[in-house]
Amino acid sequence: MLESVRHTAPHRPRRPTGTETREPAIAHQDNAVDASAPIDGNEPWMRGLHADTGYLLYRLGLRSGQLFNSFLQESGLRLRHYAVLRFLATAEGALQRELSARLGYDPSAIVGLVDDLEKLGFAERRPAPDDRRSRIVVLTEDGRSFLRGTDEAGLLVTNDLLGPLGPAERETLHALLLRVTEDGPR
């Protein structure tokens, strides 16, 4: 059976005997694609992919995450930690379920993120003023200080990411992204 897969062209057609299997269509290596070759952006299938706004947003998100994570690597934090800290900086505190809902993270992920931030002294859990059984997460002074130190680096990451755009285009992109994220499904 392996011999039938390895040959490149039969000398004459053969009839299956019933015990043989059909030769796979990919068995012939004559037109094999070199997987290490760079992708040609002009290929029809790539034009279709680059015409997909969702895919482009996904790629932009990946790139943004990579840049932010490399910047945050030294602190031991990741982008998800940073997002929690930034959210807490705009609030007097938040329930973990609120963090989950507002940031779009799984509730079990929020628990781990808040645990990490507590260990670093950047956030702490306190009894909720309205309900002592609930705990709110608040930003500590060390957390505020950390965020102040990230402002310049965050601007560098954004400038790197949006380098090809002029100031007016950046404003337009920002306004459109705000509108989409505010009006989008929750």
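Can you name the residue in segment 38-58 that is in a helix (DSSP H, G or I) and modelled with pLDDT of 80 or more and is also farthest from the chain's Cα centre (by Cα) among such residues?
The extreme case among them is T53.
Find all pairs meeting these conditions: Cβ atoms under 8 angstrom apart; at least six residues apart or on different chains; first residue within segment 139-159 and open to solvent by 60 Å² or more (accessible area, probe 1.4 Å); second residue part of a helix (DSSP H, G or I).
R144/A89; L156/F71
From the list L95, L120, L178, exactly one residue is under 25 Å from the mean Cα position of the chain (by Cα) and open to solvent by less than 60 Å² (accessible area, probe 1.4 Å). Which is it? Please lay out each step first, then the result.
On the way: L120 fails: open to solvent by less than 60 Å² (accessible area, probe 1.4 Å); L178 fails: open to solvent by less than 60 Å² (accessible area, probe 1.4 Å).
Result of the check over L95, L120, L178: L95.
Out of the residues in segment 114-151 that are modelled with pLDDT of 90 or more and among the polar types (S, T, N, Q), state the one that is nearest to L88 (Cα to Cα).
My answer is T140.
The conditions are (1) more than 30 Å from T53 (Cα to Cα); (2) touching a Leu at 6+ places or on another chain (Cβ under 9 Å); (3) not hydroxyl-bearing (S, T, Y), and R86 fails exactly one of them. Which is it?
If we test R86 against (1) more than 30 Å from T53 (Cα to Cα); (2) touching a Leu at 6+ places or on another chain (Cβ under 9 Å); (3) not hydroxyl-bearing (S, T, Y), just (1) comes out false.
Can you find a residue in segment 127-138 that is of a type outside the set (A, V, I, L, M) and closer than 20 Å to L72 by Cα?
Just the residues of segment 127-138 that are of a type outside the set (A, V, I, L, M), to begin with: 127, 129-135.
Subset that is closer than 20 Å to L72 by Cα: none.
The answer is no, given that none of the residues of segment 127-138 is of a type outside the set (A, V, I, L, M) and closer than 20 Å to L72 by Cα.
The values are calculated or read from the model by the stated rules, or taken from the named source; none is laboratory data. From a predicted model like this one, the values you see are computed outputs, not experimental measurements. Cβ: placed from backbone, ideal geometry, glycine included. Neighbour counts: every protein chain shown. Just so you know, the surface numbers come from the protein's heavy atoms only, side chains and all, with ligands and any DNA or RNA stripped out. Shrake-Rupley method; radii C 1.70, N 1.55, O 1.52, S 1.80 Å.
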